[in-house]
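Structure, as structure tokens:
Readers should treat all values here as calculations from the given coordinates under stated rules, not as data from a laboratory. Model, not experiment: these values are computed from the prediction. Neighbour counts are summed over all protein chains in view; Cβ atoms, including those assigned to glycine, are modelled from backbone coordinates with ideal geometry.
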There are 2 protein chains.
Amino acid sequence: MTREPHSSDEKTSYDGSMSERVASELQHRIILSKIPVGTWLRHDAIAREFGISRTPVREALRIMAARGLVTIEPHRGARVNGQSVQDVLEIGVVRADLEGLAASLAAVHMDDEQAERMTSAWSSFAETLEQTGPREELAEHWIESNELFHSTILEASGNKYLQQAIADLRRKLPHNISFGAYAGSSRLIARNMAEHQMIAEAILAQDALKARDLMNAHIRKSVEATAHWINRKAPNTVR
Amino acid sequence: MTREPHSSDEKTSYDGSMSERVASELQHRIILSKIPVGTWLRHDAIAREFGISRTPVREALRIMAARGLVTIEPHRGARVNGQSVQDVLEIGVVRADLEGLAASLAAVHMDDEQAERMTSAWSSFAETLEQTGPREELAEHWIESNELFHSTILEASGNKYLQQAIADLRRKLPHNISFGAYAGSSRLIARNMAEHQMIAEAILAQDALKARDLMNAHIRKSVEATAHWINRKAPNTVR
DNA sequence: TAGACATCAGTTGCATCCAATCAGGTATGG
DNA sequence: CCATACCTGATTGGATGCAACTGATGTCTA
């Protein structure tokens with residue numbers, strides 16, 4: 001295959017290695033559930049899609065396996081991991097604890113710019129919550145605001161290992177899972193937002209203990225809601 | 001290279017893939033600091049040492065990079081990561097929190113067999129602490145007992161994601177770092193063991209809150225001692 | 001002598017080739 | 001008719017070859 005260094009198509013000149021690039025693209029798809037749980041990832045198919053050889057594809061799969069996204073069965077291939085309800089709960093317990101820690105650290109370390117971002121995350125969404133728009137759009141906007149809120153707090157914790165640990169956990173749950181639980185219920189979303197507000201206030205007041213407890217409870221509730229939704233609506237969507 | 005399937009040497013017939021095997025061997029060496037921080041890991045040298053080609057070596061390095069053990073610089077190679085004192089402290093905060101969580105979960109879930117193992121971890125060591133043996137041996141025995149104590153609690157937490165998260169963190173600190181802080185001071189070791197005993201009692205009494213707080217403080221102290229030791233004794237051993 | 005530039009050895013990144021292994025289907029014997 | 005052995009296509013695992021990139025050394029010039 002002849003390279004064209006000047007071409008602007010996606011496969012040339014990116015992050016250095018092809019394997020990293022393929023890994024993050026596939027990871028993206030898995031998290032968004034564009035690739036369903038249990039799918040076999042074939043070297044050849046992926047290689048052909050990306051217009052590369054199988055070598056970097058194999059490296060990408062190893063990376064994803066190390067990140068816990070897929071499991072490699074020797075001589076059989078790589079398969080997308082799924083989580084049972086039990087897994088969702090176990091991950092939730094750990095995540096609640098860590099995000100609680102992040103909130104307590106953020107209460108001490110957050111600067112003005114971050115405070116501004118955190119506040120705007122829920123206030124801008126609160127506006128659209130009042131206007132009655134289409135469901136789909138609402139949920140999408142919510143997920144975005146939610147993401148911004150949590151990631152800002154995480155950033156304000158100032159601890160990169162904490163950030164990474166939480167990122168690792170989040171990677172293990174395909175996003176649309178928790179998305180599904182909330183998309184259908186604006187009451188859940190409203191409660192969720194109210195909790196965000198209280199957490200934000202605790203952080204701004206530099207009340208580390210309160211911020212921690214509120215955040216912990218917040219995540220736990222969210223996880224429970226998710227688990228409940230999975231049980232009720234789609235018991236076999238996952239795994 | 002001709003393969004000899006019947007031979008019992010280490011490279012044939014193990015865990016399926018060569019890359020996994022190479023990755024764990026190198027990881028082992030890095031954690032034990034047999035390979036110093038900052039070392040470039042060369043494909044060719046590793047391949048020759050293991051008697052394999054560069055392909056599985058490259059995969060192993062990708063795995064290690066995903067685990068945070070090395071950093072791959074495009075077109076330059078993989079280099080062993082080190083941690084500054086700041087990193088040690090940041091990791092310590094997260095680890096203290098997670099191990100605290102593990103202790104509180106263990107207080108609820110621990111079964112008799114695990115309780116037995118946990119207790120024997122420090123009691124068997126307490127005996128040798130009284131006999132005045134050679135320093136080196138003492139420290140080695142201590143590290144073993146310490147390992148057993150913590151891993152048993154972790155196991156008793158019954159949460160595999162928690163276990164994995166802590167394992168990920170521990171991997172990031174070459175072991176001999178915290179080892180060094182303690183090896184020289186039997187007073188530190190004694191205090192450490194006393195704390196273990198208190199934690200064990202809280203767990204056995206099913207006092208989750210107390211177990212959590214004690215464990216959290218325990219790890220924090222240990223991390224501080226380590227950080228202090230690095231600053232005092234060997235400020236440029238790490239990074 | 002200092003700095004810019006060409007060259008070169010060493011190394012990585014990717015493609016291609018071959019061997020090893022697995023799953024599923026088919027033939028064969030009981 | 002069922003069970004077992006075997007054969008075959010599909011797929012992964014690993015080896016090798018070659019191009020591209022990096023850093024360093026040496027050379028030329030002002």
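Could you give each residue of segment A:39-56 its phi-based ³J(HN,Hα) in whole Hz, using Karplus coefficients 6.51, -1.76, 1.60 with θ = phi - 60°, and x for Gly or Pro?
With coefficients 6.51, -1.76 and 1.60, one gets 5, 7, 9, 8, 3, 5, 4, 5, 4, 5, 4, 8, x, 10, 8, 6, 4, x Hz.
Sequence-distant or interchain residues sharing an amide H contact under 5 Å with residue A:83, placed H: which?
A:239
As a check on your reading of the symmetry: which chain A residue has its Cβ nearest the axis that brings A onto B, and how far is it in Å?
Residue of A nearest the axis onto B, distance in Å: A:66, 2.
Quick one: compute the contact order of segment A:85-233, relative version, from alpha carbon pairs under 8 angstrom and 6+ residues apart, as a percent.
Numbers: 158 pairs, mean separation 67.8, N = 149.
Contact order relative to length: 46 percent.
May I ask you to evaluate 6.51 cos²θ - 1.76 cosθ + 1.60, the Karplus curve with θ = phi - 60°, for each residue of segment B:141-147 and list the ³J(HN,Hα) values in order in whole Hz, giving x for glycine and proline?
5, 4, 4, 5, 4, 4, 4
How charged is the neighbourhood of residue B:60? Take every other residue with its Cβ under 11 Å from the Cβ of residue B:60, and add Lys/Arg as +1 and Asp/Glu as -1.
Values: positive: A:62, B:21, B:54, B:58, B:62, B:67; negative: A:59, B:20, B:25, B:59.
After counting each charged neighbour, the total is +2.
Would you mind computing, in nm to one decimal, how far apart the modelled labels at residue B:186 and residue A:144 are, each placed 7 Å from Cα along Cα→Cβ?
About 6.6 nm separates the two model spin labels.
Starting from the amide H of residue B:206, placed 1.01 Å from N in the peptide plane, find each other amide H under 5 Å away whose residue is 5 or more places distant or on another chain.
Correct list: empty.
Label points 7 Å out from Cα along the Cβ direction at residue A:221 and residue B:54: separation in nm?
5.7
Among the listed pairs A:160/B:210; A:172/A:210; A:221/B:172, which have their C-alpha atoms separated by more than 30 angstrom in this model? Write down the numbers at each step before the final one.
On the way: A:160/B:210 28 Å; A:172/A:210 28 Å; A:221/B:172 32 Å.
Among A:160/B:210; A:172/A:210; A:221/B:172, the Cα-Cα distance tops 30 Å for A:221/B:172.
For residue B:35, which sequence-distant residues (separation of 5 or more, or a different chain) have an amide H within less than 5 Å of its own amide H, given hydrogens modelled in the peptide plane?
Amide H neighbours of residue B:35: B:30.
Want the number for residue B:113 to residue B:201: 0.36 nm per residue separation, take away the alpha-carbon distance, what's left?
Between residue B:113 and residue B:201, full extension yields an extra 30.1 nm.
Between copies, how far does the label point of residue B:84 sit from its twins, in nm, shortest first, when each point is 7 Å from Cα along Cα→Cβ?
Reported distances to equivalent positions: 4.5 nm.
Quick one: with label points 7 Å out along Cα→Cβ, list the inter-copy distances for residue A:201 in nm, shortest first?
4.2
What distance in nm lies between label points placed 7 Å from Cα along the C-beta direction at residue B:127 and residue A:228?
Each label point lies 7 Å from its Cα, and together they span 5.3 nm.
Just need the relative contact order of segment A:18-80 here, percent rounded to a whole number, with Cα pairs under 8 Å and 6+ apart. Could you put the intermediate results ahead of the total?
Working: 67 pairs, mean separation 26.0, N = 63.
So the answer I get is 41 percent.
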